[in-house]
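Reviewing the structure listed below.
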Ligand SMILES: Cc1ncc(COP(=O)(O)O)c(C=O)c1O
C-alpha cells in the first residue's frame, strides 16, 4: 500500500505534521541527513522540493534556497542518487514537490519510474493543473503508484473542489491564503471560515493545509478542522538560522 | 491543417495552461469570457475608436523604394513605429485594458523588459484612470532609464524584480506572483503572445489588426491581399503574430521569423530560441525554451532587450516545428548595421528589435517581383544610447 494512504488511515484523527525543504539546501549532500532528522523528530511526512530556476508560486525564502541549491550543483539526478538505497532507514511517506519543467526534461515516464524505484509516494507539481494532468499524464502516474496531489485555494469554487476531490486519491493540498509561500500574516477570520467551509464539504480526501504555517499557533489554527499542515518557508528559515542541528528543537516548538 | 489555436488552447504540441491552482480562477474567467467579450459590438466599437483616434491607426504600409532597389525586390514596411508610444505593443494594451474593465478589475499589473510594454501599459492605465504596477528586472531598470521615467510620469509604479537573473523572465515571475497575491481585483496585462492559454490567442487577436490592415493596403497597392513573404522579429512573438495572423492558413504566403542570435547562436550569448530551445514550460505555456539539460531556464542574451526572452510564444514554436515558418537568426552586429542602413536609405530610425528583421536581406535573396512585407515593429528612440555606443556617434 502507498505509504501516504497508510499514514492517513492508520490514525485518522491525528493532526499530521509535514515538512517541506529544498533538496540540496543548505548543502548539496544534506538531503538524507535532513530526512533522517525529520523522521527522528516525529515528523509524519516530508515534501522534498526539487529546486527550479523560476519557482513562480514561491516567496523569497524558498526562491533563495532553490537558487542556492542550484548554484551548488543540485540536479534531479543527484537527488535521485541521494535517495537511492535509503528507504530502509526512512519509512515515512515522501513526496517530491517540484515545478513541471525539470520533470518534463528528465522525461515524465522516466521520472515517475525512478520515483517509484526509490520509494517516492506522491508528487506535488504546482504548475501541472488537473486539466493538463488528465489530458496527458494520468496513466503514467497510476502505473507507478504515485499519488498526484492537487492544490485548492480560498478562491477555488466548490464545483472545482469536488472535481479535484474526485481526481485525488491521497490528500488535497489546501493553500491557506491567496499568496505565494512564506506569508507572514498569520490566520484570521477569513481563513478560519475557509477551513471550516471546505472541511464541511464531505470530501473523500483528507485536507492538509500549507502556505503561511510557521509556528505552533498557526499549526493549530490550520489543523483545527483539517487533517494536517505543511511547514515550508519557516522550516527553511530555521535552517538558515540554526542549520541542520536545530531541526529537532524546531519541530518540538510546533507540537 | 490550421495554425491557429485549438479549443484546448494548443497550437499543435504547444501551448496549454500550466498554471498553479492559485491562478486558475482568474485564467479560467478570462478563458471562458474573452471571445464573447471581444465579439461584443460595444467592445469592438470602443477598441476600434481608440485604435483610430488614440493610437493613430491604420498605420501606413510604406513601399520602401530605395531599400527595395538595394535588395532588388519589393519591400513594404508596416509602420507600427508610428503608433502612439512608438511600437506595436499598444495594440495589445488597448485591447487588454478594455477587457480588464469588462471583467470588473480595477488594478493592472504588467512585466516589461526594455520598457516598451511597460510604457504601453502605463499609458492605457493613465487613459482609463486605473492603478498600474509594472515589474521590471533590476538590471533592466538600470539599462532602460528613460522608459522607467516615462512609466513614472504616466503614473505607474515600477517595482524592481530582484529575484533570479533580474531581467525580463524574472519580471514576469514577479508579475505572476503579484497576481497570485491579488486574485480578485487585478488583471495581468501580459506583453506578448506568451503565458497560459488564452493569453497567446488573445494577444494575437489584438495584434491581428496589423495583418487586417496589410490585406487592405496591399490590395490597393498591388492588387492582391497576400504578399509572398511576411517578415517579423520574434521576442515573445506578438508583432510577428499580428503580421502573420490573417496569413497563417494561407500557405502561399511564406512566413519568416527572425530571432536574435546575440553574439552568435553557438557562443552561449544568444536568444535564438528555435535553434537553442527544447520543449519545456515557461510562464504557464508549453513551448520551445532555452534551458539546461536539467530543465533550469537559462538566461538569454541579445543587444536588444525586447528579444531577450528564453522562450517564444506557442504559436511560433508550432510554426517552427511544423516547418510552416522559416526561422532565421541575426547577430547583434548584423542587426545594428541593418538599423543604421535603414536610417540612411529611408529616413527611418528603427528599434533594434526591428532591425533584426531588416537584416535578413543581407543573408537571404528574394526574387525581383516578390512582395515582402516587414513589420516595422517600433522606432529607435529608446535605443539611441545603444546606437551611440555601438557606432561611436
Ligand atoms: C519594437 C519592438 N519590437 C519587437 C519586440 C519584441 O516583442 P514581440 O516579439 O512580442 O513583438 C519588442 C519588445 O519589447 C519591441 O519593443
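Kindly provide the set of residues from the stretch A:131-154 that are within 11 Å of chain B (Cβ to nearest Cβ), surrounded by fewer than 20 Cβ atoms within 10 Å (Cβ to Cβ) and modelled with pLDDT of 95 or more, ordered by number.
A:133
Kindly check whether there is at least one residue in the stretch B:132-140 that is assigned to a helix (DSSP H, G or I) and more than 18 Å from residue B:235 (Cβ to Cβ).
yes
Output the helices (runs of 4 or more DSSP H) that fall wholly within the stretch B:314-393 and possess 2 or more residues being at pLDDT 95 or above and surrounded by fewer than 24 Cβ atoms within 10 Å (Cβ to Cβ), or say none.
Hits in the stretch B:314-393: B:314-322, B:332-346, B:384-391.
I'd like the full set of residues that are within 14 Å of chain A (Cβ to nearest Cβ) and within 13 Å of the ligand (Cβ to nearest atom), limited to the stretch B:288-309.
Once the filter is applied, which keeps residues that are within 14 Å of chain A (Cβ to nearest Cβ) and within 13 Å of the ligand (Cβ to nearest atom), the stretch B:288-309 yields B:300, B:309.
Looking only at residues that are part of a loop (DSSP other than H, G, I, E, B) and within 12 Å of chain A (Cβ to nearest Cβ) in the stretch B:180-196, which one is farthest from residue B:125 (Cα to Cα)?
B:196
Out of (1) outside any strand (DSSP E or B); (2) within 16 Å of residue B:76 (Cβ to Cβ); (3) touching a residue at least 40 places away in the same chain (Cβ under 8 Å); (4) more than 12 Å from the ligand (Cβ to nearest atom), the odd one out for residue B:256 is which?
In the conditions (1) outside any strand (DSSP E or B); (2) within 16 Å of residue B:76 (Cβ to Cβ); (3) touching a residue at least 40 places away in the same chain (Cβ under 8 Å); (4) more than 12 Å from the ligand (Cβ to nearest atom), residue B:256 misses (1) alone.
If residue B:316 satisfies all but one of (1) within 13 Å of the ligand (Cβ to nearest atom); (2) under 21 Å from residue B:385 (Cα atoms), what's the number of the condition it fails?
(2)
Can you tell me which of B:122, B:114, B:126, B:110 is modelled with pLDDT under 95 and either within 13 Å of the ligand (Cβ to nearest atom) or away from every other protein chain (no Cβ under 14 Å) (or both)?
Being modelled with pLDDT under 95 and either within 13 Å of the ligand (Cβ to nearest atom) or away from every other protein chain (no Cβ under 14 Å) (or both) holds for just one of B:122, B:114, B:126, B:110, which is B:114.
Please find, among B:162, B:142, the residue that is within 14 Å of chain A (Cβ to nearest Cβ) and either without any contact (Cβ under 8 Å) to a residue 40 or more places away in the chain or more than 13 Å from the ligand (Cβ to nearest atom) (or both).
B:162
Filter the stretch B:202-247 down to residues that are assigned to a loop (DSSP other than H, G, I, E, B) and either within 16 Å of the ligand (Cβ to nearest atom) or within 14 Å of chain A (Cβ to nearest Cβ) (or both) and give me whichever is nearest to residue B:4 (Cα to Cα).
Here the residue is B:208.
Which count do you get for residues in the stretch B:260-283 that are closer than 19 Å to residue A:57 by Cβ and away from the ligand (no atom under 16 Å from the Cβ)?
2
Could we say that residue B:177 is within 14 Å of another protein chain (Cβ to nearest Cβ), free of Cβ contacts under 8 Å to residues at least 24 places away in the same chain and closer than 23 Å to residue B:311 by Cα here?
Yes: the conditions hold for residue B:177.
Determine the pairs where a residue that is within 10 Å of chain B (Cβ to nearest Cβ), located within the stretch A:91-114, has a partner that is at pLDDT below 95 and crowded, with 23+ Cβ neighbours inside 10 Å with Cβ atoms under 8 Å apart, the partner being 6 or more residues away or on another chain.
Qualifying pairs under 8 Å: A:99/A:56.
So which residues in the stretch B:11-27 are assigned to a helix (DSSP H, G or I) and either at the interface with another protein chain (Cβ under 7 Å from one of its Cβ atoms) or farther than 26 Å from residue A:59 by Cβ (or both)?
Scanning the stretch B:11-27 gives B:21, B:22, B:24, B:25.
Take the conditions surrounded by 21 or more Cβ atoms within 10 Å (Cβ to Cβ) and modelled with pLDDT of 95 or more and apply them to residue B:96. Does it pass?
Considered against the rule, which asks whether it is surrounded by 21 or more Cβ atoms within 10 Å (Cβ to Cβ) and modelled with pLDDT of 95 or more, residue B:96 comes out as yes.
Here are the criteria: (1) within 14 Å of chain A (Cβ to nearest Cβ); (2) within 15 Å of the ligand (Cβ to nearest atom); (3) surrounded by fewer than 20 Cβ atoms within 10 Å (Cβ to Cβ). Tell me which single one residue B:171 does not satisfy.
The failed condition is (3).
Are any residues in the stretch B:61-81 within 16 Å of the ligand (Cβ to nearest atom) and over 10 Å from residue B:373 (Cβ atoms), and if so, which ones?
B:79, B:80, B:81
Looking at (1) in contact (Cβ under 8 Å) with a residue 24 or more places away in the chain; (2) within 14 Å of another protein chain (Cβ to nearest Cβ); (3) touching a strand residue (DSSP E or B) at 6+ places or on another chain (Cβ under 6 Å); (4) within 16 Å of the ligand (Cβ to nearest atom), which is the one condition that is false for residue B:351?
Among (1) in contact (Cβ under 8 Å) with a residue 24 or more places away in the chain; (2) within 14 Å of another protein chain (Cβ to nearest Cβ); (3) touching a strand residue (DSSP E or B) at 6+ places or on another chain (Cβ under 6 Å); (4) within 16 Å of the ligand (Cβ to nearest atom), residue B:351 violates only (2).
Six or more apart or on different chains, Cβ atoms under 6 Å: show the pairs whose first residue is in the stretch B:14-33 and free of Cβ contacts under 8 Å to residues at least 12 places away in the same chain and whose second is surrounded by 22 or more Cβ atoms within 10 Å (Cβ to Cβ).
Every condition considered, the pairs that remain are B:21/A:151; B:21/A:153.
Can you pull out the residues in the stretch B:82-106 that are more than 16 Å from the ligand (Cβ to nearest atom), assigned to a loop (DSSP other than H, G, I, E, B) and touching a residue at least 24 places away in the same chain (Cβ under 8 Å)?
Scanning the stretch B:82-106 gives B:103, B:105, B:106.
Given the structure, is residue B:199 closer than 30 Å to residue A:67 by Cα, touching a helix residue (DSSP H, G or I) at 6+ places or on another chain (Cβ under 9 Å) and within 14 Å of chain A (Cβ to nearest Cβ)?
When the stated conditions are applied, residue B:199 does not pass them.
Considering each of B:41, B:7 in turn, give the residue that is free of Cβ contacts under 8 Å to residues at least 40 places away in the same chain and either crowded, with 18+ Cβ neighbours inside 10 Å or more than 14 Å from chain A (Cβ to nearest Cβ) (or both).
Testing whether each residue is free of Cβ contacts under 8 Å to residues at least 40 places away in the same chain and either crowded, with 18+ Cβ neighbours inside 10 Å or more than 14 Å from chain A (Cβ to nearest Cβ) (or both) leaves just B:41.
Kindly evaluate residue A:218 against the criterion of being within 11 Å of another protein chain (Cβ to nearest Cβ) and crowded, with 19+ Cβ neighbours inside 10 Å.
no
Just to verify a result, which residue in the stretch A:39-67, among those that are touching a strand residue (DSSP E or B) at 6+ places or on another chain (Cβ under 6 Å) and in a loop (DSSP other than H, G, I, E, B), is surrounded by the fewest Cβ atoms within 10 Å (Cβ to Cβ)?
Once the filter is applied, the top-ranked residue is A:44.
The values are calculated or read from the model by the stated rules, or taken from the named source; none is laboratory data. None of the values given here were measured: they were computed from a predicted structure. For neighbour counting, all protein chains shown are included, and Cβ atoms are generated from backbone atoms with ideal geometry for every residue, glycine included.
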